[in-house]
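Only one structure is covered here, and it is reproduced in the block below.
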Amino acid sequence: MTKSYLNNIEYFLGSIKENNHVFLQSIGKDKKKAKKILDKVGVSIRNISGKNIFSNDLALQSASKIMKKINKKKIDYVINCTQTPEYLIPTNACILQKKLKLEKNIGALDINLGCSGFIYLLSLAKGLVSSNVSKNVLLITSDTYSKLIDNRDLGTKLIFSDAASSSLVSKDRTKNSLEILNFEFGTDGSGYKDFICENFGSKGLKNKVNKIPKIEMNGSKIFEFTLNTIPIFVLNFLKKNKLKKNNIKYFIFHQASQLVLDNLQKKLNLNEKNMINDLKSIGNTVSSSIPIILKKKFKILKKNDLVLLCGFGVGLSWGACLLRKT
């Protein structure tokens, strides 16, 4: 089977920086209460897109950076992951194909996933490359959750940032390639209402006419799911791959919140230096959180270093992937 490599990653953040400390003060929270809240959240600055900037705009910015590193004629597939598409119809990946001026004889599709999305993208790209359907797959993650957040809902307001990432998965490796190895996935649709935007799809529009779509998150349920499911899932994934925790250079978890990351570290008994936290000035960027971290760590990895990626959240959906520095 043909090997597949993650060769390039770029990202783009919403251009408006919102300070959580300032926001909490503006709604009457004193310094003591604000500190208590933000210690759990772990986010000081959120990056928000402008009023007329949407997910495809962010996607275009991140993907344009990739275009500087490869002849765009060599890209033969585009997979776009978003839960905040500009349109329900048509496929947003088709719009991006046009805006990026890619060839017409390529595949392009969207997938609707949240915080596990990047893991799924990698698995789809690996399948396309390994089966010799494609040689270079452009992966895009892009969300503007800020458009769907009620400012009175602190559980979502203080966490989420708008961002996009673009990655290139190829048949050929480069100097800084990461070989894409094994995957594991999980799904529990019984928890679909724990993170939902009901009045967005065709059913929601019928039931809630003229209401602006808003995200509703049951934070305690999502937290319970994460702590009950993900540590066991990660340990089983390591066991299946005949690895121990000390074989992994970095554990990169979806950047949900400080509270979630702290408890995952505690439950898995991980060394702090091996578990990356990138929340403070970035925020929770949904499916872009893992590739943003990978971009920052890409060049410092040494040959044969192993990286374990784990995304989890809305769906309920989760997945893990193993990468190796070549």
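What residues qualify as long-range amide H neighbours of S4, i.e. H under 5 Å apart, gap of 5 or more or another chain, H built at 1.01 Å from N?
For S4, whose amide H was placed from the backbone, the distant partners under 5 Å are I180.
Can you give me the long-range amide H partners of D143? Hydrogens built in the peptide plane at 1.01 Å from N, cutoff under 5 Å, separation of 5 or more residues or another chain.
Residues meeting the criterion, in which the H sits 1.01 Å from N, are A163.
Computing the accessible area with a 1.4 Å probe over protein heavy atoms, can you report the carbon and sulfur percentage for the chain?
Taking all protein chains in place, the chain shows 51 percent carbon and sulfur surface.
Return the subset of K101/K157; K72/K297; K36/K193; K175/K244 for which the Cα-Cα distance in this structure is over 31 Å, preserving the input order.
K101/K157
In whole Hz and in residue order, list the ³J(HN,Hα) couplings for the stretch 164-171 that follow from phi through the Karplus curve 6.51 cos²θ - 1.76 cosθ + 1.60, θ = phi - 60°; x for Gly and Pro.
With the stated coefficients, the stretch 164-171 comes to 9, 9, 9, 9, 10, 10, 9, 6 Hz.
Helix-only estimate, please: 222 nm mean residue ellipticity of the chain, summing -39500 (n - 2.57) across DSSP H runs of length 4 or more and dividing by its residues, to the nearest 500.
Calculated mean residue ellipticity at 222 nm is -9500 deg cm²/dmol.
Using R₀ = 35 Å, calculate the FRET efficiency as 1/(1 + (r/R₀)^6) where r is the Cβ-Cβ separation of K175 and N105; round to 0.05.
So the FRET efficiency works out to roughly 0.75.
Using each residue's phi in the stretch 7-20, evaluate 6.51 cos²θ - 1.76 cosθ + 1.60 at θ = phi - 60° and report the 3J(HN,Hα) Karplus result to the nearest Hz, with x for Gly and Pro.
9, 9, 9, 9, 8, 9, 9, x, 7, 9, 9, 10, 8, 5
If I model a spin label as a point 7 Å beyond the Cα along the Cα-Cβ vector, how far apart are those points for S220 and N247 in nm?
Placing both labels 7 Å beyond Cα along the Cβ direction yields 4.0 nm.
Output wanted: per-residue J couplings in Hz (rounded whole) for the stretch 283-299, from phi through Karplus 6.51 cos²θ - 1.76 cosθ + 1.60, θ = phi - 60°, x for Gly and Pro.
x, 7, 9, 6, 6, 8, 5, 6, x, 4, 5, 4, 4, 6, 9, 3, 7
Considering the convex hull of the alpha carbon atoms of the stretch 159-311, report its projected area averaged over all viewing directions, in nm², one decimal.
Quarter of the Cα hull surface area: 11.2 nm².
Whole number in Å², please: accessible area per residue of the chain, 1.4 Å probe, ligands, DNA and RNA not counted.
The answer is 48 Å² per residue.
Output the relative contact order of the stretch 62-189, whole-number percent, from Cα pairs under 8 angstrom with separation of 6+ residues.
29 percent
Suppose every K and R has +1 on its Cβ and every D and E has -1 on its Cβ; what is the size of the dipole of the chain about the Cα centre, in Debye to the nearest 20?
It comes to approximately 1000 debye.
Compute the relative contact order of the stretch 95-159 as a whole-number percentage, counting only Cα pairs closer than 8 Å that sit 6 or more residues apart in sequence.
Once normalised by length, the contact order is 16 percent.
Name the residues of the stretch 28-52 whose amide N is less than 16 Å from a point 7 angstrom out from the Cα of L259 along the C-beta direction?
33-44
Please quote Rg/Rh for the chain to two decimal places, taking the Kirkwood radius as Rh and restricting both calculations to Cα atoms.
0.95
What is the magnitude of the charge dipole of the stretch 223-326 about its Cα centre, with +1 placed on the Cβ of each Lys and Arg, -1 on the Cβ of each Asp and Glu, and no other charges, expressed in debye to the nearest 20?
Rounded to the nearest 20 debye, it is 700 debye.
Within the stretch 218-258, what residues put their amide N at less than 16 Å from the label point 7 Å along the Cα-to-Cβ vector of N271?
Inside the label zone: 244-252.
If contacts are Cα pairs under 8 angstrom and at least 6 residues apart, what is the relative contact order of the stretch 172-287 in percent?
About 20 percent, as a whole number.
Using mean Cβ contacts within 10 Å as the protection proxy, how do 19-31, 117-129 order, highest first?
Packing order, densest peptide first, comes out as 117-129, 19-31.
The values are calculated or read from the model by the stated rules, or taken from the named source; none is laboratory data. The structure displayed is predicted, hence computed values, not measured ones. Positions of Cβ are backbone-derived with ideal geometry, glycine not excepted, and every protein chain shown enters the neighbour counts. Just the protein is used for accessible areas: all its heavy atoms, side chains included, with ligands, DNA and RNA removed. Shrake-Rupley method; radii C 1.70, N 1.55, O 1.52, S 1.80 Å.
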